[in-house]
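Bear in mind that the values in this text are calculations on the coordinates, not laboratory data. If you're wondering where the values come from, they're calculated on a predicted model, not measured in any experiment. As a convention, Cβ positions derive from the backbone with ideal geometry for all residues, glycine included, and neighbour counts pool all protein chains shown.
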Amino acid sequence: MPQKNFIILYPDSLGANAVGCFGADAAYTPNLDRLAQNGVQFKNCTSQNPVCQPSRASLLTGKYVSCHGVFDNGIKSYPEGHVTFQQMLKNNGYYTA
């Protein structure tokens, strides 16, 4: 098994104005703040699609929405033939969930 562990937090509709580590005074997010302090922060990100499921499919496949076939929310089965990020990790000795 590889020596490095990592976690990707991909929350839905969580803006920088809702997390303390990005300067939000009204937000109390000590656990996220601690993770951000000891990890990597991506401060200038964009999404492939404003709709959740197509955007997540892009993250997992590394493909544009027009290439992976998930165009809207509510897709019950993932289109076949796409290798996902999790599959690549698993194939290289990581445990995934």
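When you filter the chymotrypsin sites (Phe, Trp or Tyr not before Pro) in the range 15-97 for DSSP loop state and at most 15 other Cβ atoms inside 10 Å of their Cβ, you are left with Tyr28, Phe42, Tyr64, Phe71, Tyr94, Tyr95. Between the helical axis of 52-61 and the dominant principal axis of the chain, each derived from Cα atoms, what acute angle in degrees is found, rounded to the nearest 10? Roughly 70 degrees between the two axes. Remark: the range 4-17, residue by residue, has Karplus-estimated 3J(HN,Hα) of 8, 10, 8, 9, 10, 9, 10, x, 9, 6, 10, x, 4, 6 Hz, where x stands for each Gly or Pro and the curve is 6.51 cos²θ - 1.76 cosθ + 1.60 at θ = phi - 60°. Treating cross-link reach as a plain straight distance, find the lysines whose alpha-carbon is under 16 Å from the alpha-carbon of Lys90, omitting any fewer than eight places away in the same chain. Correct list for Lys90: Lys4. Subtracting the Cα-Cα distance of Ala16 and Asn92 from their residue separation scaled by 0.36 nm leaves 24.1 nm.
For the chain, the mean residue ellipticity at 222 nm estimated from helices alone is -8000 deg cm²/dmol, where every DSSP H run of n ≥ 4 contributes -39500 (n - 2.57) and the total is divided by all residues, rounded to the nearest 500.
Spherically averaged projected area of the convex hull of Cα atoms, the range 18-58: 3.8 nm². Got a sec? Charge dipole of the range 12-97, +1 on Cβ for Lys and Arg, -1 for Asp and Glu; which of Leu35, Ala97, Ser47 is way out at the positive end? Checking the options against the dipole of the range 12-97, the answer is Ala97.
Computed on the chain, with alpha-carbon pairs under 8 angstrom and 6+ residues apart, the relative contact order is 19 percent. Taken about its Cα centre, the chain carries a charge dipole of about 280 debye when Lys and Arg each add +1 at the Cβ and Asp and Glu each add -1 at the Cβ.
Rg/Rh for the chain stands at 1.01; both radii use Cα atoms, and Rh follows the Kirkwood definition.
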